1. Ala475's amide H: which non-local residues (gap 5+, or another chain) put their own amide H closer than 5 Å, with H modeled 1.01 Å from N in plane and none for Pro or chain starts?
2. Return the FRET efficiency for the residue pair Arg264, Gln172: r is the Cβ-Cβ distance, R0 is 30 Å, and the value is rounded to the nearest 0.05.
3. Of Val256, Leu285, Gly304, which is farthest towards the positive pole of the range 234-304's charge dipole, taken about the Cα centre with +1 and -1 on the beta-carbons of Lys, Arg and Asp, Glu respectively?
4. Rounded to a whole number, what is D in µm²/s for the range 328-382 from Stokes-Einstein with the Kirkwood radius over alpha-carbon pairs (4 °C, 1.567 mPa s)?
5. So if I take the alpha carbon set of the range 115-230, get Rg, then get Rh from the Kirkwood formula, what is the Rg over Rh ratio?
6. Net charge within 15 Å of Leu417 by Cβ-Cβ distance, Lys/Arg positive one each and Asp/Glu negative one each, not counting Leu417 itself?
7. Taking amide H atoms as placed 1.01 Å from N in the peptide plane, list the residues 5 or more away in sequence, or in a different chain, whose amide H sits under 5 Å from that of Phe86.
8. Over all pairs of distinct alpha carbons, what does the Kirkwood formula give as the hydrodynamic radius of the range 300-361, in Å?
Amino acid sequence: MVSQKADNLLNLALDATERERMKSLELDVGYDPIEREWELIIKYSGSLDPVRSIAVSVIEMANEYAIVVIEESLIPQLAAFPEIDFIEKPKRLFFQVANGKRVSCINPVQQAPYSLWGKGTLVGIVDSGIDYSLEDFRNPDGTTRIRALWDQTISGNPPEGYAIGTEYTREQINGALQASNLQDRYQIVPSRDTSGHGTAVAGIAAGSGQRRTQIEIAGLNAGVAPESELLVVKMGSPRAEGFPRTTELMQGVDYVIKKAQQYRMPVAVNVSFGNTYGSHDGTSLIERFLDDISNYWKSVICVGSGNEGTSAGHTAGTLSETREEEIMLGVQMNEPTVNVQIWKSYVDEVDISLISPSGVRVGPIQEVLGTQRFVLGNTEILLYYGEPSPYSVRQEIYLDFLPRQSYIDSGVWRIVLTPRRIVSGEYQMWLPSQSALNIGTAFLFPVSRTTLTIPSTASRVITVGAYDPLTFVYADFSGRGPVSGFESTLSSKPDIAAPGVNITAPAAGGGYTTVTGTSFATPFVTGSAALLMEWGIEKGNDPYLYDAVIIGLS
């Protein structure tokens, strides 16, 4: 299948064999090989009735976005509907207090005359779940501060309008907290945070810490907005690689903001996940969805800039018609697969050659839309020349390195770009997230700018970088925005930096732990947004203190 209504990865995945999908890091994400069905993101206009007539399921979200499950054989028919604007396959997502609060100037606003603790606001945590039993997430009387908890991994009773997971109410959580033993507690509300990531994030944003008395609002190791209430989504990860998908993130954000509107309370939403796939110019469906839903209700969305600053997973340059450009990619031993995205202006005409570590060369490979296959040693190469989407003039050239046996060839691969006609000349390259690769698989001459992960590249979210609260130095791992030219749409990102090195946070199962990463800088900003909305909306000082106003303040 080659359809300009579908993103390049989906087109390539539909052209790939079952074996190629299974070997790839990205091509099988969203595909159920038993049912031969795909989970897809769609942007549509008008009615969803034609889609419902052929889809297995349709989850309608705000602003004409939807998640559909559909048989593979019916995807061309789906793309042919005039109501369908664009289709994307899901992508995998990857993870991204006391001293931090002090250097973030939180302590002064929690004293008179402001006395801001988050009262009357909601903090939305879309993450790996939460240990709801901890004191950090309870009121002084022992009841929960969680308004609702949607665990996408437990089938049974999904929220109205959604098709996966189970929703637990405040009353059910309180019932579980009153159980006499753990076995009874987790029979009532069996949701657990097995990684601890979401618990730490929630604690930094809104944990109440260890109180010394039952009348204290907050105690030692309290988070930023300890009197706010919580909406929690545990994203689904019921698959072998253990990572959630963009489809689950989108549904989680949609749920949180609609719940906040139902409760008639302002909400600050925390997203501490991201991935490297995309043109990084704000035009993918998940980026556009977050921009659109930011206009929905009194909300602000905070997203971590990612931890790819020093991963050597990005490089860039400018082509001229007079010389070839050679990019070197080091691949470590026992690497099962890797892929490379090359993004350039569609008007630039560029041929590609590949040189394997053993010196065998294929190419120049001319620009022919669709899938091409090559074999170099023990590595099969899938190359896909894409077309621009309806939202961007960027063109993607996607290279998937697949093993013919167990691993791809290790050593230095060279990607040669041969210009034929150049107008702009600028290009960008990204590898998958560092979490998905062996240490050392990287570009030999990386470029640290434009290392923001998606969806922190959305224009209407607050993009949060990390700094060390002891040295006040921007963390080397923290994702960075671009400088100029091709990248200028993101020249102001990240919007703000917060403490993200050696942060004290609640641990799932009890006690406290030390965490580092932009995942844990983001909730400082999320909690701060809740305090601003308390001052503006709850206390009547500025009824419009949300979304664009808070983004402007950051």
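No lab work stands behind these numbers, since they all come straight from the coordinates. Every value quoted in this text rests on a predicted model; they were computed, and no experiment measured them. With ideal geometry, Cβ positions are generated from the backbone for all residues, glycine too; neighbour counts draw on all protein chains shown.
1. Result for Ala475 returns Ala466, Tyr467, Asp468.
2. 0.85
3. Val256
4. It diffuses with D of about 99 µm²/s by this estimate.
5. Numbers: Rg = 13.9 Å, Rh = 14.4 Å.
We get a ratio of 0.96 for the range 115-230.
6. After counting each charged neighbour, the total is -4.
7. Amide H neighbours of Phe86: Lys43.
8. Answer for the range 300-361: a Kirkwood hydrodynamic radius of 15.4 Å.
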